[in-house]
Every structure is written in structure tokens, then in C-alpha cells.
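Sharing a structure below in C-alpha cells format, with a few things to ask.
Every number here is computed from the coordinates shown, using simple stated rules; none is lab data. None of these values were measured; they are calculated from a predicted model. Glycine also receives a Cβ, built like all others from the backbone with ideal geometry; neighbour counts cover every protein chain displayed.
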Amino acid sequence: MPRSVLASLLAALLVLTSFVAAAQAPAAAAPVKAAVQPADTLPGPDDARIALQVARRFQADPDLREVTATSTRGVIRLDGPVATAAARAHAAQVASQIPGVAGVDNRIAVDAGLAERLQVALRQVYGKLIGLVAKGPLLVVAGLIVLVAWWIGRFFSRRIHLSRFSAKNPYIDSLVARFVRWGFLLVGLLIALDLLEATAVVGALLGSAGVVGIAVGFAFRDIAENYVAGILLGLRRWFSPGDHILVDRYEGKVVALTARSTLLMTFDGNQVSLPNALVFKSVVTNFSQNANRRFEFTVVIDVNESARESQALALEAIARVDGVLADPAPSSVVDGYMGGGVQLKFFGWVNQRASDLGKTRSEAIRAVKSAFEKAAIDGPRPVQYVLTAAMPETVAEHIGLAPRRPAPEPSACADTSVNRDIDAQLNAERRAHDDESLI
């Protein structure tokens, strides 16, 4: 018998066997689509077996049931439609795993129909939900791990002030506590993701966070700038709550330093919110940093008066004012010469924690005025008078040609205490911002 006839009979026998096996399959299953090349292509004896195995594999996959497998001398040709490119690649992979396959000729077409794609998507969602329900116990355990890590982080962060990491700056302690708390939480999340076999999610989240961070940085540049400036202000501690400061042209007492702004209470009771970036870039004058502070004022006397005697008399009067420090002692200079008089400038020092600067300065000016009036030291006379006849004593006294009446003695009970007008309002605002204040 010729070899070609023998090969044809063998191939026909294998095909018949496959049909019989297909007929014995359950009735609900779709028919297995497998074919071999005609006899004139001289297929090998295993082509029918290979095609049948590939077809059975495809029949078990809902996405590949429309695919037809044809084997010729160990080379599998795949035809038919699939819904996605991933299914097309999966079909080639399945076919290549069959023993005896020498190659795969993938001619599967991707069907872009909306209905097919919707069905594939619904099947994937259904599969994900089933997998999620199956992992229910693991999800519970992972959630418990995260909660325990958060509790441990809070436990240690609240005891930072008892450890050697504690600093004199309360903000540093708060910052370290936050790092400790979030560090423990991050470790707990990593353990939970590893338990759920979802560590790849971390890489995806980090990559997304980088892109989102760049976009948010450009969109909210001012907010980010104020936040970073707030952290730096909290670290450097240029001022503390209650300090009297001057920032740019804004003056008041510090209420709080929040993540985005510095809150001031002005001396007329208004609250001012300054962006942290403005405070960080501006010249900040802290009047409360040092206890001692100097005040000054100017007095003009007539050119005919003795500047030296006037200075000595005024310094004695200033030194007797309650609240003026003896060390440093009051001082004075001749500050200028005007058309009708000599300008004297006086300086005095107060302890801001015991006396109010404004009140003490006011009392010092009143004391100098009283001393000058008692000593008949006149101010400048820009008006010229012509004497034509005797004039009443009151007029002569008014223009400085008659002795002045004795000036009243300065009161010994003048109030030079610290100004507490806005302290209650300031304390209330500070308590209201305690949770968000960084200082």
C-alpha cells in the first residue's frame, strides 16, 4: 500500500476519533472547533491530536470559544474573532503550551464591537468581585494590622517628649511625633499589602503620586510655598505666641502660626492673617524678644534758654518717673537748631514685662513739661511782640514777660503698668487656634 494512502487513512481515523469524543461531551458544551489540513498537505500523525487539545483549551475559556485551531506539521493556525488584544495574545500563549506544537500562526482578529467589549468588562468585574469576596478573611486581617500599626504609632509619638529625641522647641517634638506615627502606619500598610499580594499597588501609587505632585505643585504653588514657610518659621522660632512683632507694615501680638498663615491681633482689636511666605521673606521686628526697650521724645526750647540746664532738669524729671530704669539711665542730645528754638531729644528705658512703654513715655513727657514750666523754661516764640504801654499781668504772663505761676507738682500715682487691653481677646484667639498652631 502506498505511503500517501496510508497517511491519509491514518489522518481520517484520527479525525473520526475526534468527532466521536466530541459527540460524547456534555450536550450543553459548545462544539469544539478543530480542523486539519487536507491530505495533500501531508500532515503529521499528531496534528489532529494537537488541534483537538488546543480546541478544548479554547472551549474552556469564554473569551476564546470563537477561535478555530488548525494544525499542520506541528504549526498551529488560529482563526476567529476575540474581543480584546489581550485575549488574542492569550490564545497564542495557550496554543504554544500544547506538547508537540512547533509554532503558532496567529490570525485571530480583534472584534471592536461594543457589545462584546461590554461583556468582557462585565465578566472581568464579576471575576474581581468574586476574588474580593474570597479574600474577605485576609482583608479583615489586613485591616487589623493597619489599625494596630496606627495605635502603636500614636503610643510612641505621644511619648516623644519623654525620650532623648525631645527638644526645647515644641514644634520639633510635634514634627518628630508625626514622623513616628506615620512611619508605623506606612509599615502596617506595607505588611497588609504583602499579605493581600498587592505590593505592586505601591509602585503604581508612588508613580502616580509623583505625577500628581508635580501637577499639584504648579497649580497650588502659593499654598505649597506658605506651607513650607510655616514649617521653617516653626523650626526657627522667630517669635512665640503673645509676642509683639512688626511684619512689613503690620504690627500686633502673635495669636498663632498655622500651616498657611500667621495670625496677629492688632492693638485696636482686629485680627490680621499674614501669609507665611510674606512673614518668612519680610523683616520681622520682635519687640518682645528683649525685656528692656527704649523710648524717645523731642522737646523744643527757646533759643535764649540754656540747652545744658534744660537737659539736666529734664533728665532729673524723667528719672523720677515710675517705670523708667536707672540702668541704662535716661539720656539726652541736642538734636537740631530750628529757626525759633533748639530741639532736644530725650531717651529712657523701661522693662516691658513690668511697665508699658507708651504709658511710661507719656508720663515722662508730662514730667518734663511740668519741670520746664516750674523753671520758667520757655518754648520758641515765633510771634514778635511790640510793647507800646503797660499791659495787664495776665497778658504779660501769656507772652512770657512776667513770672509764670508755679506749675503743679507731677502726680506720684501715675499709671505706667503694662497695657492689658487686648490680652483677654488675644488669649481667646490663641485657645481657638491651639489645634492648628505650629508654635
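Quick one: compute a quarter of the convex hull surface over the Cα atoms of region 262-378 and quote it in nm².
Approximately 9.6 nm², given one-decimal rounding.
How many nm is it between the label spots at V133 and N351, if each spot is 7 Å from the Cα in line with the beta carbon?
With each label point 7 Å from Cα toward Cβ, the separation is 7.9 nm.
Let me ask something else about it. So, by mean Cβ neighbours within 10 angstrom, what's the order for 97-107, 81-91 with the highest one leading?
Those peptides, ordered most packed to least, come out 81-91, 97-107.
If packing is taken as the average count of other Cβ atoms within 10 Å, what order do 64-72, 126-134 fall into, highest mean first?
Going from most to least packed, we get 64-72, 126-134.
I'd like the FRET efficiency for M338 and F267, computed as 1/(1 + (r/R0)^6) with the beta carbon distance as r and R0 of 35 Å, rounded to 0.05.
That pair, M338 with F267, gives E of 0.60.
Compare the peptides 237-247, 355-365 by average per-residue count of other Cβ atoms within 10 angstrom and give them in order, highest first.
Ranked from most to least packed, the peptides come out as 355-365, 237-247.
Rounded to the nearest 0.05, what FRET efficiency do N286 and D111 give with R0 = 60 Å and r taken as the Cβ-Cβ distance? Could you check?
0.20
Starting from the Cα of F179, step 7 Å along the direction of its Cβ; do the same at L196; then give the gap between the two resulting points in nm.
Placing both labels 7 Å beyond Cα along the Cβ direction yields 2.9 nm.
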